[in-house]
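A quick write-up on the structure given underneath.
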Amino acid sequence: MKALKFFGISALALSLVNCAPSAKQLKEAVEKDPSIVFVAIEKDPEQFIEVVNKAAQNAQRKAQEKAVAEESKKRDEEFAKPLQPVIEEGRVIFGPKDAKITIVEYSDFECPYCAKGHATVDEVMKAYPKDVRVVYKHLPLDFHPMAMPAARYFEAIAMQDHAKAEKFYNYVFENQGELRSKKEAFLKEATKKVGADLKKVEKDLNSEAITKRIEADMAEARKFDFSGTPGFLINGVSLRGAYPFPEFKEIIDRHLKNGK
């Protein structure tokens, strides 16, 4: 009798070791009695937190790897078939007009990330003084109340002098906090600071030409799926966000290499 009993216990033990429940069975068991999970957590909460954190880190890592792979694939597609922005005659261009690389910057004068993007663009232009030119296009966001007025001031100043418009662009981004605090007064101050005629700027601010240019910039940004700022096209290859210098360098160097 004892032998039979021992055999029965041994068989049960082997079944527990060699026959694990399926994922479906576990799911059904937990759905039927959620307290199973609660008991396990209460028994060893530290281990539970460790497992959850590890799972979250793995999920984040996989998501990042997937995003990088998708971004790389998309970038290769854009190198093969670059996006084609319109660069009209008379547009303000920073840098040499005949540069091999054209960076189109879709930006918002009040956006803090755009200020970071501006700093990186400045770094890029210093690193590639002969090879890069920049075209600034407008994507003022609704929740930045001073973005649209600043865009209009930029274009009104550009109607007078492109070099002064470039100075205004740099001055506003380098003093963005004052744009938020002083608002219109800062824009007037900046206009005088760069040497533009304020009275003429105020006269031109609401011109139809400026309205159409800004509207066209915004429409083009939407066409290329730039919903936030800043966004950049580097010879037709997109960067979406305030990426650091190495990201710009990688794309620029690849363009220059391919152009040889």
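The values are calculated or read from the model by the stated rules, or taken from the named source; none is laboratory data. Bear in mind that the values here come from a model prediction, so they are computed numbers and not experimental data. Reconstructed Cβ throughout: ideal geometry from the backbone, glycine too, with neighbour counts over all protein chains shown.
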### Task
Please indicate, with yes or no, whether at least one residue in segment 137-146 is over 15 Å from the mean Cα position of the chain (by Cα), assigned to a helix (DSSP H, G or I) and aliphatic (A, V, I, L, M).
no
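Just checking, does segment 196-203 include any residue being among the charged types (D, E, K, R), within 19 Å of Pro140 (Cα to Cα), modelled with pLDDT of 95 or more and in a helix (DSSP H, G or I)? Please lay out each step first, then the result.
Of the residues in segment 196-203, the ones among the charged types (D, E, K, R) are 197, 199-200, 202-203.
Going one step further and asking which of them are within 19 Å of Pro140 (Cα to Cα), we end up with none.
Within segment 196-203 (the criterion being among the charged types (D, E, K, R), within 19 Å of Pro140 (Cα to Cα), modelled with pLDDT of 95 or more and in a helix (DSSP H, G or I)), the answer is no, since none of the residues qualifies.
Each row is one residue, and each column tells you yes or no for (1) modelled with pLDDT of 95 or more; (2) closer than 27 Å to Glu189 by Cα; (3) not charged (D, E, K, R).
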| site | (1), (2), (3) |
| --- | --- |
| Lys43 | no, no, no |
| Ala55 | no, no, yes |
| Lys62 | no, no, no |
| Glu105 | yes, yes, no |
| Thr120 | yes, yes, yes |
| Met125 | yes, yes, yes |
| Val132 | yes, no, yes |
| Leu139 | yes, yes, yes |
| Phe143 | yes, yes, yes |
### Message
Can you say whether Met148 is touching a residue at least 40 places away in the same chain (Cβ under 8 Å) and out of contact with any helix residue (DSSP H, G or I) (no Cβ under 6 Å at 6 or more places or on another chain), as far as the supplied structure shows?
### Response
yes
### Task
Of all residues in segment 80-133, count the ones that are within 21 Å of Glu174 (Cα to Cα), charged (D, E, K, R), free of Cβ contacts under 8 Å to residues at least 40 places away in the same chain and outside any helix (DSSP H, G or I).
0
### Query
Of the conditions (1) closer than 21 Å to Val135 by Cα; (2) loosely packed, with under 13 Cβ neighbours inside 10 Å; (3) of a type outside the set (Asp, Glu), Lys203 fails just one. Which one is it?
(1)
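Have a look at Ser72, Ser10, Ser15 and point out the one that is closer than 30 Å to Gly231 by Cβ, part of a helix (DSSP H, G or I) and modelled with pLDDT under 80. I'd like the intermediate steps shown before the answer.
On the way: Ser10 fails: closer than 30 Å to Gly231 by Cβ; Ser15 fails: closer than 30 Å to Gly231 by Cβ.
So the residue among Ser72, Ser10, Ser15 that is closer than 30 Å to Gly231 by Cβ, part of a helix (DSSP H, G or I) and modelled with pLDDT under 80 is Ser72.
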